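Q: Attaching a single structure in structure tokens format; questions to follow.
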Amino acid sequence: MFKWFVKWFHRMGSPPHFYRFAGSWLPWLTVVFTVLTVAGLYGGLVLAPPDYQQGESYRIIFIHVPAAWMSMFIYMVMASCGIIVLVWRMKLAEVVLICSAPIGASFTFLALVTGSLWGKPMWGTYWVWDARLTSELILLFLYLGVIGLYGAIDEKRVAGRAVAILAIVGMINIPIIHYSVEWWNSLHQGATVTKMDKPSIHWTMLVPLLLMALSFKVYFIISLFQRVRAELLHRERNSRWVEELFRS
Amino acid sequence: MSMSEFFNMGGYAVFVWSSYGLALVVLVLNWFIPYQQHQQNIKKLKRQYRQETKQNDSSS
Amino acid sequence: MKRLSLSQAFWFLLRRDLLLAFRNRSEMANPLLFFVLVITLFPLAIGAEPNLLARIAPGIIWVAALLASMLSLDGIFRSDFDDGTLEQMLLSAHPVPVLVLAKVTAHWLVTGLPLLLVAPLLAMMLGLDEDAYGILLLTILLGTPVLSLIGSIGVALTVGLRKGGIILSLLVLPLYVPVLIFSSSAIDVAASGLPATAQISMMLAFLFLALSLSPVATAAALKMSMS
């Protein structure tokens, strides 16, 4: 079993194999994504009843919460790739790491904006220095740092390793930043924040929420595969497998 | 539930639909930009190979 | 040639860096001057009402300290990178994290520690409650080394770049957030007459964590930058 895994890992690490593998999976993933999204949206927008406190406005959570989950999940993916890059010097992990960053940043951005759009009817303002919004904002800065550092270094193999170190450092810091901000927020709780009590979420809302979360995960893989394929082709443009693929 | 009621979202239409609209934009862009880049890469490579074979033919 | 032991190498590098810093004293004063200037700007911008100033003093002092420390970060490795000393350091037989620690310590002694001298003066000018002076000094003593340590990772990552400055701030400032939160809150709490033990022990924890982890990350980043 272990042997098989190692073999699989090595095969996955080879750019031509991954390029073909990702290409053949993309259509299927798109089908799964469409089904999940349609089901999730139908459940969330039509079937789920309005919230007894927040009325219809709570329907933003079907975007907001999955996006926020993704923002953290993608950073974890990046840090794991960072470890693989530093330990095994795997080229593919570098590419996956750097291709994840813009997707993660856009999900973080989405979570922030939908959070403030939800905050306007609930809290009366677009922005409050709520603990979650604040640490999400800092997470966005961390993503932008990764993207900026990669862009600033011309030699891409070096840039890949630099970004790997940065992603790991960021991963160690994220919980510290998160709990600092949460603690800070409990001290400085503004007057505008109306306390929203959290009743246990009803299954009619939970099911579409989980469906949307899954659909976002599949979407991440689709977008990642697209980016990785483009990046691999660009990086390996002088290698033989690329030539074999496109010389007709 | 009527159609207009659905789109009205109990008075929160602006917030709900702009959230969903933004999500749509973000998802589409994140799909489209790498897709376009990939297609351009392929086009560039093919053009390069064609030129190379032409040069080889004329020189030989 | 005699081989240096590890602690000898540490002290040697520390002494050398301090000596170099004292040779160009004017450069040494720059972060300090910057710290004072930024704090002077605040009353001019928001008005000199004593209550308001006293309330925001902890925050202002710490934001200024953060910016001052960031401004001076580039100096940790810059000159050694330019003249090739850094490459020699990486090739030496000693573990790089220890050498990194020596350099960061020197940098902190030169740029972080002097803030201790002017901070009480500025606190007085801003009208900070006198009970909080001790805690203010303690937070600077515990917080600025963390800033130097975290900052050294960012510098090591960007040292090879021509335009590293702006990207450095993007990398480092988000990581400074916990220090900012706990230090200014400790002063805040002390100013209102309450004990700040919780905040101070958190800052101690940050210091030990940064001391143990960041030299390793910095060493890895330096090796990457030199390759």
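Read the figures in this text as sums done on the coordinates, not as results from a lab. The shown structure was predicted, so the numbers you read here are calculated from the model rather than taken from an experiment. Neighbour counts are summed over all protein chains in view; Cβ atoms, including those assigned to glycine, are modelled from backbone coordinates with ideal geometry.
Q: Return the distance in nm (one decimal) between the two label points of a simple spin-label model at C:Arg23 and A:Gln53, each offset 7 Å from Cα along Cα→Cβ.
A: Reported label-point gap for C:Arg23 and A:Gln53 is 6.6 nm.
Q: Mind listing the Cα extents of region C:157-222 along all three principal axes, in Å, largest one first?
A: 48, 25, 11
Q: Computed FRET efficiency, Cβ-Cβ of C:Thr40 and A:Arg237, R0 45 Å: what is it to the nearest 0.05? Walk me through the numbers on the way to the answer.
A: Numbers: r = 55 Å, r/R0 = 1.23.
Computed FRET efficiency for C:Thr40 and A:Arg237 comes out at 0.25.
Q: Stokes-Einstein D for region A:86-158 at 10 °C, 1.306 mPa s, Kirkwood Rh over Cα pairs, in µm²/s?
A: 113
Q: With the cut-off at 28 Å, tell me which of the pairs A:Lys91/B:Lys44; B:Lys43/C:Lys163; A:Lys91/C:Lys163; A:Lys91/B:Lys43; A:Lys217/C:Lys223; A:Lys156/C:Lys163 have Cα atoms farther apart than that.
A: Pairs exceeding 28 Å: B:Lys43/C:Lys163; A:Lys217/C:Lys223.
Q: Could you tell me which of rounded, prolate or oblate describes region B:3-59, using a ≥ b ≥ c as the square roots of the eigenvalues of the alpha-carbon gyration tensor, with rounded for a/c under 1.5 and, failing that, prolate when a/b is larger than b/c and oblate otherwise?
A: Here region B:3-59 falls in the prolate category.
Q: At 20 angstrom or more along the helix axis (alpha-carbon based) and mean Kyte-Doolittle of 0.0 or higher, what helices does chain A contain? Whole DSSP H runs only.
A: Details: long enough: A:15-41 (37 Å, 0.91); A:61-88 (39 Å, 1.94); A:91-123 (47 Å, 1.11); A:131-152 (31 Å, 1.50); A:156-187 (44 Å, 0.84); A:203-235 (47 Å, 1.03).
Correct list, ordered by number: A:15-41, A:61-88, A:91-123, A:131-152, A:156-187, A:203-235.
Q: A follow-up question, please. Need one word for the protein assembly as shown: rounded, prolate or oblate. Basis is the Cα gyration tensor (sqrt eigenvalues a ≥ b ≥ c); a/c below 1.5 gives rounded, then a/b vs b/c decides.
A: Oblate, because a/c is 1.5 or more while a/b does not exceed b/c.
Q: Using only Cα atoms and rounding to the nearest 10 degrees, what angle (0 to 90) does helix C:50-73 make with the longest principal axis of chain C?
A: Once rounded, the angle reads 10 degrees.
Q: Output needed: percent of Cα pairs per 5 Å distance bin for region A:1-149, bins running from 0 to the one holding the longest distance.
A: Per 5 Å bin, starting at 0, the Cα pair percentages come out as 2, 8, 13, 15, 16, 14, 12, 8, 6, 4, 2, 0.
Q: Further question on the same structure: Excluding C:Leu136 itself, what net charge comes from residues whose Cβ is under 13 Å from its Cβ, given Lys and Arg +1 and Asp and Glu -1?
A: With Lys, Arg at +1 and Asp, Glu at -1, the neighbours total -4.
Q: Once label points are set 7 Å from the Cα along Cα→Cβ at both A:Asp154 and C:Gln8, what is their separation, rounded to one decimal in nm?
A: 4.2
Q: Kindly give the semi-axes, whole Å and largest first, of the ellipsoid equivalent to region C:13-171, taking each as the square root of 5 times a Cα gyration tensor eigenvalue.
A: With the √(5λ) rule applied to region C:13-171, the semi-axes are 33, 16, 13 Å.
Q: Near A:Tyr19, within a Cβ-to-Cβ distance under 14 Å, what is the net charge of the other residues, with Lys and Arg +1 and Asp and Glu -1?
A: +4
Q: What does the charge dipole of region A:1-115 about its Cα centre add up to, to the nearest 20 debye, if the Cβ of each Lys and Arg holds +1 and the Cβ of each Asp and Glu holds -1?
A: Working: 7 positive and 3 negative charges, 148 e Å.
For this selection, approximately 720 debye.
Q: Moving to a separate point now. Taking a cut-off of 19 Å between Cα atoms, list the aspartates and glutamates near A:Lys120, but don't count ones fewer than 8 places away on the same chain.
A: A:Asp51, A:Glu56, A:Asp130, A:Glu136, A:Asp197
Q: How many angstrom separate the Cα center of region A:67-109 from the Cα center of region A:112-187?
A: Taking the Cα centre of region A:112-187 as reference, the centre of region A:67-109 is 14 Å away.
Q: May I ask for the angle, rounded to the nearest 10°, between helix B:13-59 and the longest principal axis of chain B, with both axes built from Cα atoms and the value confined to 0 to 90°?
A: 10
Q: Work out the length of the dipole vector of chain A about its Cα centre, built from +1 on the beta-carbon of each Lys and Arg and -1 on the beta-carbon of each Asp and Glu, and round it to the nearest 20 debye.
A: Rounded to the nearest 20 debye, it is 920 debye.
Q: To continue, here is another question. Please give the Cα centre distance for region C:65-104 versus region C:141-204, rounded to the nearest Å.
A: Going from one Cα centre to the other spans 18 Å.
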